[in-house]
Amino acid sequence: MNTLTLALLAYLIGSVPFGLLIAKTQGKDIRSIGSGNIGATNVLRCLGKPLGITCFILDVLKGFLPAFLFPMVGSDSAEFGILFGAAAILGHNFPVFLKFKGGKGVATSAGVLLGVAPLAVGLGILCWVIVFLISGYVSLGSILAALIVILTGWTAGYGLTTAIALTLLGALAIYRHRSNIKRLLDGTENKFERKAKKA
């Protein structure tokens, strides 16, 4: 298979709207509840942890598999892994099956990074967990994690091509959160509240 064919296949894999399909099994349209986003966060918030975690894992795999496996078929290099991973992210963010209206690509981007730059994604996940546990904001954790990924790309010894690609992926994730940034600044962003334990 040539590079173009693999990139198109990666885009189509990324376009599979797992959040929408999971919600359909519950008789709901995820686009009409919660934030209206098809990503794992909205599934988690509206349909519960098991389905939210399932959606997150599937969205991660959409990015990981093309980034990690496709270069073995085409050219075994980090640059090709990033190319195929970026195609999957574009598929998730702009899915052909949903008239190019998709999610924000954080989980899928994490999958891509896991395939080509595991240190960057490890630090990004650690940042996300710390920020989420302290603040309760998923979006704030995602935005800061993207910044950590960008910083790691330039300081952890990755090649120039990989560093630039990580910067672009991180910037795209932040851009897709622009409405969240506005709500954070306005103090109207949704927060996950911990339920108090019964005595």
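Results, tabulated for the structure shown:
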| quantity | calculated |
| --- | --- |
| Gain in span if fully extended, residue 160 to residue 72, counting 0.36 nm per residue against the direct Cα distance | 29.5 nm |
| Segments 57-67, 114-124 sorted - mean Cβ within 10 Å per residue, highest first | 57-67, 114-124 |
| Length added when fully stretched, residue 100-residue 79, from 0.36 nm per residue minus Cα-Cα | 5.0 nm |
| Cα centroid of region 126-199 to Cα centroid of region 94-114, whole Å | 16 |
| R0 of 41 Å, Cβ-Cβ distance residue 4-residue 28: FRET efficiency to nearest 0.05 | 0.65 |
| Region 89-199 shape via C-alpha gyration tensor axes, a/c threshold 1.5 | oblate |
| Residue 182-residue 147 FRET efficiency (beta carbon distance; Förster radius 22 Å; 0.05 resolution) | 0.80 |
| Subset of 24/49; 62/104; 99/182; 24/182; 101/191; 99/191 violating a 21 Å alpha-carbon distance limit | 99/182; 24/182; 101/191; 99/191 |
| Region 35-125: relative contact order in percent, alpha carbon pairs under 8 Å with at least 6 residues between | 31 |
| Ascending count of other beta-carbon atoms within 10 Å, so fewest first, for 89, 13, 125 | 125, 13, 89 |
| Computed [θ] at 222 nm, helices only, for the chain once each DSSP H run of length n ≥ 4 contributes -39500 (n - 2.57) | -23000 deg cm²/dmol |
| Packing rank of 92-104, 178-190, where each peptide gets the mean count of other beta carbons within 10 Å, highest leading | 92-104, 178-190 |
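Read-outs: derived from the displayed coordinates by stated rules, not from any lab. Not measured: the values here are computed from a predicted model. Using ideal geometry, Cβ is built from the backbone for each residue, glycine included, and neighbour counts are taken over all protein chains shown.
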